[in-house]
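The values are calculated or read from the model by the stated rules, or taken from the named source; none is laboratory data. Small disclaimer: the values here were computed from a predicted structure and weren't measured. We place every Cβ from the backbone using ideal geometry, glycine too, and count neighbours over all the protein chains shown.
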Amino acid sequence: MKEQMLDASSISTNWLDSAGQTRARIVFEGLAAHAGTTPMALRRDALAAAAEFIVAVEGHARARPPLVATVGCISARPGAANVIPGSAELTLDVRHPSDARRLAAYSALHSVGRKIAQRRRLRFSVELTQDNGSVACSPRLTELLARGVRARQGKCPVIPSGAGHDAVILSALTPVTMLFVRCRGGFSHHPDEYVAPRDLAVALEITVDFLLRLATLSAT
């Protein structure tokens with residue numbers, strides 16, 4: 001797993017919650033019209049409403065750390081340079097370590113979108129596409145992992161995970177823990193993502209050490 005590191009250590013563990021995640025598909029529907037002949041006061045521009053909503057999402061999350069909220073995709077139709085957009089569809093991704101705060105933020109942003117649509121005389125719809133609660137790593141497994149980290153580099157920073165990784169899904173079947181390896185510049189999900197071979201080697205050593213410790217513990 002790769003996360004941006006906040007200190008000089010290359011390896012860290014997580015025994016705090018992986019953030020819960022809510023995703024939704026949002027649609028603003030207005031009226032497509034000619035860009036040259038429709039006065040501004042008569043427009044029902046779906047894309048303008050979506051733009052206002054995106055800025056509101058950013059502002060809401062910035063004011064409530066560690067909440068994060070992202071609009072990652074947007075499409076406007078009919079998609080012509082001389083036509084006022086009649087519909088705009090976008091995604092919303094909301095994450096927070098606290099499920100209660102995540103759900104409160106999602107509800108608040110839903111209300112913001114509805115109010116924007118009402119003020120602009122548009123239709124507004126939301127479809128919930130994903131809703132995962134936060135997941136706590138196993139203290140027992142994480143301590144075993146941390147022992148190997150401390151043995152290799154002297155200390156073991158502990159950080160929460162803003163991403164769910166596979167651990168969220170696997171947690172329904174088994175206790176989980178996570179090992180994080182720093183990326184150059186903190187880039188992830190990007191072509192510039194890069195992990196130094198020496199950091200990968202250390203991570204592999206620690207993973208093997210963890211498995212040996214776990215096997216020994218299970219055998220006793």
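General remarks:
- Any hit, the range 154-161, residues being surrounded by fewer than 18 Cβ atoms within 10 Å (Cβ to Cβ), more than 19 Å from the chain's Cα centre (by Cα) and modelled with pLDDT of 90 or more: no
- Residue match in the range 200-216 (condition: loosely packed, with under 14 Cβ neighbours inside 10 Å, of a type in the set (Val, Ile, Thr) and not in a helix (DSSP H, G or I)): no
- Residue in the range 61-68 that is more than 30 Å from PRO175 (Cβ to Cβ), in contact with a Leu (Cβ under 8 Å, 6 or more places away or on another chain) and surrounded by fewer than 19 Cβ atoms within 10 Å (Cβ to Cβ) present: no
- LEU179 over 20 Å from ILE206 (Cβ atoms) and outside any helix (DSSP H, G or I): no
- Which numbered condition SER125 misses (of (1) modelled with pLDDT of 90 or more; (2) small (Gly, Ala, Ser); (3) part of a loop (DSSP other than H, G, I, E, B)): (3)
- Matching residues, the range 162-187, being within 16 Å of PHE210 (Cβ to Cβ) and surrounded by 17 or more Cβ atoms within 10 Å (Cβ to Cβ): ALA167, VAL176, THR177, MET178, LEU179, PHE180, VAL181
- Flag if GLU143 is closer than 30 Å to GLY59 by Cα and of a type in the set (Asp, Glu): no
- Here the range 136-153 is the region considered, the condition is being of a type outside the set (Gly, Ala, Ser), surrounded by 15 or more Cβ atoms within 10 Å (Cβ to Cβ) and out of contact with any strand residue (DSSP E or B) (no Cβ under 9 Å at 6 or more places or on another chain), and the residue that is farthest from LEU204 (Cα to Cα) is LEU141.
- Failed condition for ALA203, given (1) in contact with a strand residue (DSSP E or B) (Cβ under 9 Å, 6 or more places away or on another chain); (2) under 30 Å from ARG43 (Cβ atoms): (2)
- Checked across the range 132-152, the condition of being in the same structural domain as ALA203 (by TED's automatic domain parsing) and acidic (Asp, Glu) holds for at least one residue.
- Set side by side, the residues ALA196, ALA146, ALA151 differ, and just one is farther than 29 Å from VAL68 by Cα, among the small types (Gly, Ala, Ser) and out of contact with any helix residue (DSSP H, G or I) (no Cβ under 6 Å at 6 or more places or on another chain), which is ALA151.
- Counting only strands (runs of 3 or more DSSP E) wholly contained in the range 19-120, the ones carrying 3 or more residues that are under 16 Å from the mean Cα position of the chain (by Cα) occupy 20-29, 68-70, 87-96.
Residue-by-condition table, conditions (1) over 30 Å from GLY86 (Cβ atoms); (2) in contact (Cβ under 8 Å) with a residue 60 or more places away in the chain; (3) out of contact with any His (no Cβ under 8 Å at 6 or more places or on another chain):
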position: SER125; (1), (2), (3): no, yes, yes
position: LEU145; (1), (2), (3): yes, yes, yes
position: LYS155; (1), (2), (3): yes, yes, yes
position: VAL176; (1), (2), (3): yes, no, yes
position: PHE180; (1), (2), (3): yes, yes, yes
position: ASP199; (1), (2), (3): yes, yes, yes
position: VAL202; (1), (2), (3): yes, yes, yes
